[in-house]
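Below is one structure; the comments refer to it alone.
The values are calculated or read from the model by the stated rules, or taken from the named source; none is laboratory data. Keep in mind it's a predicted model, so treat the numbers as computed, not measured. Note that we place each Cβ from the backbone using ideal geometry, even for glycine, and neighbour counts take in every protein chain shown. Calculation scope for accessible area: heavy atoms of the full protein, side chains included, ligands and nucleic acids excluded. Shrake-Rupley method; radii C 1.70, N 1.55, O 1.52, S 1.80 Å.
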Amino acid sequence: MTMDAGIPGPIATQGVRADADAFLVAPLDEVSRERLAATGLHPGLVSVDDAEAYARWLQVVARGFLDGERSDEQIAASRERGGYRRMTGIYDPSAPMPDSPVASIASWIGELTVPGGRGIPSCAISAVTVAPTHRRRGIARAMLEGELRTAAAVGVPLAMLTVSESPLYGRYGFAPAAASASWHVDVKRAVWIGPRPGGRVDFIPRDRLRELVAPLHERRRLAVAGEIDVPAAQWDAFAGTRPDSTDPGKTRAIQYTDEAGEVRGLALYSVRENEKDFTKSTVTVTYLLAETDDAYAALWRFFIELDLVGEVRAHELSVDEPLRWMISDQRAATVMVADHQYVRILDVPTALEARTFGAAGVVALEVSDVLGFAEGRWLLTVDDAGRGEVTTWEGSEAPAGAVAVSLGIEELSAAYLGGVSLATLAAAGRVRSTDAASAARVFGWHVTPRLSIWY
Ligand SMILES: CC(C)(COP(=O)(O)OP(=O)(O)OC[C@H]1O[C@@H](n2cnc3c(N)ncnc32)[C@H](O)[C@@H]1OP(=O)(O)O)[C@@H](O)C(=O)NCCC(=O)NCCS
């Protein structure tokens, strides 16, 4: 993680890490604590230094996601890698196991890439579970609102998460800001018509891929809005290099080396044999990372031309993959699009001034926010270089010469990475504007946002 690739103001000068550390140890939010206490529940921070409390917390997370009990080995591997997170448990003293939480949440300050190539501090939220015995009593709401207030209090301008179900987080101001595409390619039908770059593709051991993947992702992630700095623990899970990995031998690793001898791309995949027809196995590309166009072409060509394979599947791709233009028959690919990276703006001026915009213009935003963080009238002035400056405006009329846009924080967050046009949101009745097309030109971005992992 870069220490200082931040935004102007106190966060950049202190470095992202400093805020991340302040957030990890910040006290629990008082409003949420009181709300939970009124129902007999108590929140508590969980540390990886307390092995037993951590184990109980982790078991509750696993159960919450309908998974089985974690083994001692799994708990140890998770604990060793889990120190980057702020973990909260909600405890019910009247339950038969009062030391086991009835709800969980984890969060940390990561970096979200925004249009223009900057990574800005963002509160990543995960492991949100509430025991079925305690559902629909407002526990999730108390946890989510509490984390957002805590992040805002230490000056973090954004929050982000990936979701199990779409309807959960709009009520807290989150919106899908980068969609993902799942591809199923009938490779018997899709002939490779893309470039055939020099260089070479080779198999490598998984632990070699694990060494190469983090620095390669670091070099690549600022080029695509929506990507984040991936916690080290996640790379181990991907590469099957955690000591508790189940069936790691199923995953194969390859690298692409360019003509100058530099590794520019990596991929991981697994194969499921088709016992009825050995020429039609299914390959799932678990991860493909390409630093250059040549790496992208060489790795995808490898998959499209595999022998004994009928279908290649890949998930968390961009909705605008070059791959579509590299196969002879676009209908050989079935593409499903889903909401994926959710974003929630907490600090409007800091968030907007951090990104680059698609066109010059002046936009008078009137933002509503039920949780209050982003509520206000904000005047965004974008210069010819695409840099924005945000001030406030007052009165009932937008300032002369400005395009007026009235929207909720969900809609502003949805449009923030350039993944949806303000004109589309206006046509959907989600945004009101005096000139939605002009507002859309300002907020637009030429690179489709994407997030290549779950967290
Ligand atoms: C999703 C989950 C965390 C909700 O917890 P909860 O404590 O029951 O939620 P709350 O009682 O605080 O509900 C808060 C709001 O969300 C709504 N809500 C909760 N679960 C919902 C669901 N599955 N679908 C739609 N709305 C839901 C509630 O109706 C409530 O709405 P309102 O306050 O706007 O009236 C819980 O059901 C759970 O653990 N599910 C399994 C794990 C999971 O999917 N976690 C989310 C990971 S991204």
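Which one of the conditions (1) in contact (Cβ under 8 Å) with a residue 60 or more places away in the chain; (2) under 22 Å from residue 302 (Cβ atoms); (3) surrounded by 14 or more Cβ atoms within 10 Å (Cβ to Cβ) does residue 212 fail to meet, given that it meets all the rest?
So residue 212 meets the others, but not (1).
Condition check: more than 14 Å from the ligand (Cβ to nearest atom), at pLDDT 95 or above, assigned to a loop (DSSP other than H, G, I, E, B) and under 20 Å from residue 234 (Cα atoms). Does residue 79 satisfy that?
no
Scan (1) within 16 Å of the ligand (Cβ to nearest atom); (2) open to solvent by 10 Å² or more (accessible area, probe 1.4 Å); (3) within 30 Å of residue 444 (Cα to Cα) for the single condition residue 91 breaks and write down its number.
So residue 91 meets the others, but not (3).
Failed condition for residue 129, given (1) part of a helix (DSSP H, G or I); (2) within 12 Å of the ligand (Cβ to nearest atom), with all others met?
(1)
From (1) in contact with a Ser or Thr (Cβ under 8 Å, 6 or more places away or on another chain); (2) over 29 Å from residue 114 (Cα atoms); (3) part of a helix (DSSP H, G or I), pick out the condition that doesn't hold for residue 208.
(1)
Out of curiosity, is residue 238 over 16 Å from residue 290 (Cβ atoms) and either aromatic (Phe, Trp, Tyr) or surrounded by 18 or more Cβ atoms within 10 Å (Cβ to Cβ) (or both)? Let's see the steps before the verdict.
Numbers: over 16 Å from residue 290 (Cβ atoms): no; either aromatic (Phe, Trp, Tyr) or surrounded by 18 or more Cβ atoms within 10 Å (Cβ to Cβ) (or both): yes.
Judged against the criteria, residue 238 is not a match.
Does residue 105 count as within 15 Å of the ligand (Cβ to nearest atom), closer than 18 Å to residue 24 by Cβ and in a strand (DSSP E or B)? It would help to see each step written out before you state the result.
Working: within 15 Å of the ligand (Cβ to nearest atom): yes; closer than 18 Å to residue 24 by Cβ: yes; in a strand (DSSP E or B): yes.
So residue 105 passes the test.
Could you check how many residues of the stretch 137-156 are away from the ligand (no atom under 15 Å from the Cβ) and not β-branched (Val, Ile, Thr)? Show your work before the answer.
Step one: filter the stretch 137-156 for residues away from the ligand (no atom under 15 Å from the Cβ), giving 149-156.
This time we only want the ones that are not β-branched (Val, Ile, Thr), so: 149, 151-153, 155.
Number of matching residues: 5.
Which of the residues that make up the stretch 157-193 are within 9 Å of the ligand (Cβ to nearest atom), hydrophobic (A, V, I, L, M, F, W, C) and open to solvent by 20 Å² or more (accessible area, probe 1.4 Å)?
Scanning the stretch 157-193 gives a single hit, 168.
Could you please tell me which pairs satisfy a Cβ distance under 6 Å, a separation of 6+ or placement on different chains, a first residue in the stretch 192-206 that is among the aliphatic types (A, V, I, L, M), and a second residue that is open to solvent by less than 40 Å² (accessible area, probe 1.4 Å)?
Taking only residues 6 or more apart or on different chains, the pairs are 201/254; 201/256; 201/298; 204/253; 204/255.
Under the condition of being assigned to a helix (DSSP H, G or I) and in contact with a Gly (Cβ under 7 Å, 6 or more places away or on another chain), which residue from the stretch 390-442 is most open to solvent (accessible area, probe 1.4 Å)? Spell out the reasoning first.
As a first pass, look at the stretch 390-442 and keep what is assigned to a helix (DSSP H, G or I): 409-415, 422-427, 436-442.
When the remaining residues are screened for being in contact with a Gly (Cβ under 7 Å, 6 or more places away or on another chain), the result is 409-410, 413, 438, 441-442.
On the way: 409: 9, 410: 57, 413: 0, 438: 29, 441: 143, 442: 6 Å².
Among those that are assigned to a helix (DSSP H, G or I) and in contact with a Gly (Cβ under 7 Å, 6 or more places away or on another chain), it is 441.
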